[in-house]
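Novice: Just passing along the structure, written as structure tokens.
Coordinate-derived values only; no laboratory data. Source: prediction; values computed, not measured. Every residue, glycine as well, gets a Cβ built from its backbone with ideal geometry; the counts of neighbours run over all protein chains shown.
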Amino acid sequence: MAEFRAGTPEQDEFLAQLLDAGLLIASGVPGVFGRGEDFERVRRGFDARISAEAAADGPEHLVFPPLLPKRQLEEIGYLKNFPHLAGTIFAFDGDEAAAAEQEERASRHEDWSEFQDPTDLVLTPAACYPVYPAVAARGKLAPGGVTVDAGGSYVFRNEPSGDPARLQMFHQREIVRLGEPETVIAWREKWRNLAVELLRGAGLEAELDVASDPFFGRSGRLLARSQKAQELKFEVLVPIAGEEPTAVASFNYHQDHFTGVYGIEVEGDDPTAHTACLGFGLERIALALLRKHGLDPDAWPGAVKGELGL
Amino acid sequence: MIDGHAGLDVSVAELGDDGDLYAAGMTSHASVNVMVALEDRFDLEFPDEMLKREVFESVAAIDAALAQIQKGS
């Protein structure tokens with residue numbers, strides 16, 4: 001099991017307030033919560049705000065379940081880059097005697113994992129992953145490429161923590177841009193500035209910064225520093241609970257990583273296609289808003305409620 | 001060895017010791033493969049402060065890093 005990372009006193013206190021107010025509902029497992037009605041109103045309010053902005057791109061809307069075929073995880077190299085964060089799905093495989101033994105051990109809360117075999121499925125770690133093979137299956141992209149709004153699927157990260165802003169399962173609102181490199185780069189630049197405006201419009205102190213992914217191990221440190229040096233990832237950070245601000249949105253330029261894996265090309269003389277994606281962590285944004293404006297959304301400033309349609 | 005791991009569009013011989021390996025097609029992931037191969041081959045470990053893009057940008061830069069590690073050990 002992944003090691004539990006304790007929250008800071010400030011994070012523990014904020015989590016206790018959220019639970020007391022019924023905004024989050026404890027499950028007994030760190031980083032996994034039910035959401036109360038007010039929390040969901042806020043989350044959906046910001047989600048709708050993103051949809052309104054994204055409409056200008058004329059995106060295609062695709063919806064995927066929060067599961068990924070294991071094969072896709074293997075193809076994109078996730079287990080090389082983030083083996084520590086992946087969650088795979090196992091299921092029972094055995095006869096009646098094995099089932100009885102499994103139940104016997106489970107009823108005593110002992111280890112019953114030996115009766116479980118891997119399935120063909122893993123939990124989706126990033127909501128954009130199903131988009132690339134889906135678009136690749138159609139053949140070459142038309143000039144100008146395509147924008148896909150993948151909605152706000154639940155995603156999983158195996159990182160139990162006491163920080164309410166570090167959930168193991170959360171909604172990642174993703175939009176993906178596929179097309180010529182210059183098209184993709186311009187789109188990412190437009191959105192990273194737009195995201196800062198959106199968050200500031202909701203009363204948050206949002207700042208943009210160059211960032212890196214949490215790559216695994218020593219080779220991961222080289223990858224992370226390379227990613228930063230090339231400015232492939234930007235994040236928008238806002239204060240939640242604690243001294244350091246928290247990333248609530250990221251803007252990622254993948255270059256030819258996904259187009260190479262899936263053979264995605266653009267029609268025309270130069271077939272080179274690149275991809276970029278943006279992701280808003282909707283729960284983190286809801287938490288930042290609750291921290292900033294108070295635990296009762298009905299008592300928030302009128303301008304903020306107006307922005308979120310509350 | 002770099003030819004085998006860097007995924008270059010040209011050979012190291014053509015590129016020369018000072019040629020930019022990234023410009024010649026080495027991706028970040030390929031630079032990790034080069035790093036791992038060098039560690040295996042020379043039985044050493046790049047210290048944390050050397051795990052950065054510049055250290056692997058050319059044959060000359062890699063040579064300098066290896067010399068520094070071997071001097072220190």
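Novice: Just to verify a number: FRET efficiency for A:Arg108 and A:Leu295, C-beta to C-beta distance, R0 = 41 Å, to 0.05?
Specialist: On the way: r = 40 Å, r/R0 = 0.98.
The pair A:Arg108/A:Leu295 has a calculated efficiency of 0.55.
Novice: Roughly what angle does helix B:28-42 make with the longest principal axis of chain B, taking Cα atoms, 0 to 90 degrees, to the nearest 10?
Specialist: Its long axis makes an angle of about 50 degrees.
Novice: Something else: Per-residue ellipticity at 222 nm for chain A, helices alone: DSSP H runs ≥ 4 residues times -39500 (n - 2.57), over residue total, nearest 500 deg cm²/dmol? Before the final figure, lay out the partial values.
Specialist: Working: 11 runs with 117 residues, N = 310.
The per-residue figure over chain A is -11500 deg cm²/dmol.
Novice: Next question, about the same structure. In peptide A:210-220, what is the residue-averaged number of other protein chain Cβ atoms found within 10 Å of each Cβ?
Specialist: Numbers: counts 0, 0, 0, 0, 0, 2, 0, 1, 9, 10, 2.
The shielding value for this peptide is 2.
Novice: Given a cut-off of under 8 Å on Cα pairs at least six residues apart, what relative contact order in percent is computed for chain A?
Specialist: Details: 574 pairs, mean separation 68.5, N = 310.
This gives 22 percent for chain A.
Novice: Could you sort out which of A:Lys80/A:Lys292; A:Lys70/A:Lys190; A:Lys228/B:Lys71 sit more than 31 Å apart by Cα distance in this structure? Please list the in-between numbers first.
Specialist: Numbers: A:Lys80/A:Lys292 38 Å; A:Lys70/A:Lys190 33 Å; A:Lys228/B:Lys71 29 Å.
Over 31 Å apart, Cα to Cα: A:Lys80/A:Lys292; A:Lys70/A:Lys190.
Novice: Pairs of Cα atoms under 8 Å, at least six residues apart: use those to get the relative contact order of the range A:139-208, whole percent.
Specialist: Answer for the range A:139-208 is 29 percent.
Novice: Report, in order of residue number, the helices in chain A meeting two criteria: a C-alpha extent of 20 Å or more along the helix axis, and a mean Kyte-Doolittle hydropathy of at least -0.5; treat each whole DSSP H run as one helix.
Specialist: Working: long enough: A:37-54 (25 Å, -0.94); A:181-201 (30 Å, -0.38).
Passing helices, by number: A:181-201.
Novice: Can you bin the range A:1-142 into rounded, prolate or oblate? Criterion: square roots of the alpha carbon gyration tensor eigenvalues sorted a ≥ b ≥ c, rounded for a/c under 1.5, prolate for a/b above b/c, oblate for the rest. Each step should come with its number before you reach the end.
Specialist: Values: a/c = 2.21, a/b = 1.14, b/c = 1.94.
Note, shape of the range A:1-142 comes out oblate.
Novice: Rounding to the nearest 10 and keeping the result within 0 to 90°, find how far the Cα-based axis of helix B:59-72 lies from the longest principal axis of chain B.
Specialist: Helix B:59-72 and the main axis of chain B meet at about 10 degrees.
Novice: Could you state the number of Å between the C-alpha centres of the range A:235-308 and the range A:84-147?
Specialist: 25
Novice: How high is the FRET efficiency between A:Ala134 and B:Lys71 when r is their beta carbon distance and R₀ equals 51 Å, given to the nearest 0.05? List each step's numbers first, then the result.
Specialist: Numbers: r = 53 Å, r/R0 = 1.03.
Efficiency computed from Cβ-Cβ geometry: 0.45.
Novice: Let me ask something additional. Considering only C-alpha atoms, what is the centroid distance from the range A:173-215 to the range A:4-60, in Å?
Specialist: When both Cα centres are located, 20 Å separates them.
Novice: Shifting gears a bit: Which order do the peptides A:233-239, A:255-261, A:126-132, A:52-58 come out in when sorted by mean C-beta neighbours inside 10 angstrom, highest first? Show your work: numbers first, answer last.
Specialist: Values: A:233-239: 22.1, A:255-261: 18.6, A:126-132: 24.1, A:52-58: 12.6.
The packing order, highest mean first, is A:126-132, A:233-239, A:255-261, A:52-58.
Novice: Now for a different question. Between A:Phe92 and A:Glu37, how high is the FRET efficiency from 1/(1 + (r/R0)^6) when r is the Cβ-Cβ distance and R₀ = 41 Å? Nearest 0.05.
Specialist: Details: r = 36 Å, r/R0 = 0.87.
Plugging the Cβ-Cβ distance into 1/(1 + (r/R0)^6) gives 0.70.
Novice: What average count of beta carbons from other chains do you get within 10 Å of the Cβ of residues in A:221-230?
Specialist: Working: counts 7, 15, 6, 3, 6, 11, 2, 2, 5, 3.
The shielding value for this peptide is 6.
Novice: Now for a different question. Looking at the protein assembly as shown, what % of its DSSP beta bridges pair antiparallel, to the nearest 5?
Specialist: Values: 43 of 47 bridges.
Close to 90 percent.
Novice: Taking a ≥ b ≥ c as the square roots of the Cα gyration tensor eigenvalues, with a/c under 1.5 meaning rounded and otherwise prolate when a/b beats b/c, else oblate, which class fits chain A? Show your work: numbers first, answer last.
Specialist: Details: a/c = 1.75, a/b = 1.08, b/c = 1.63.
Oblate, because a/c is 1.5 or more while a/b does not exceed b/c.
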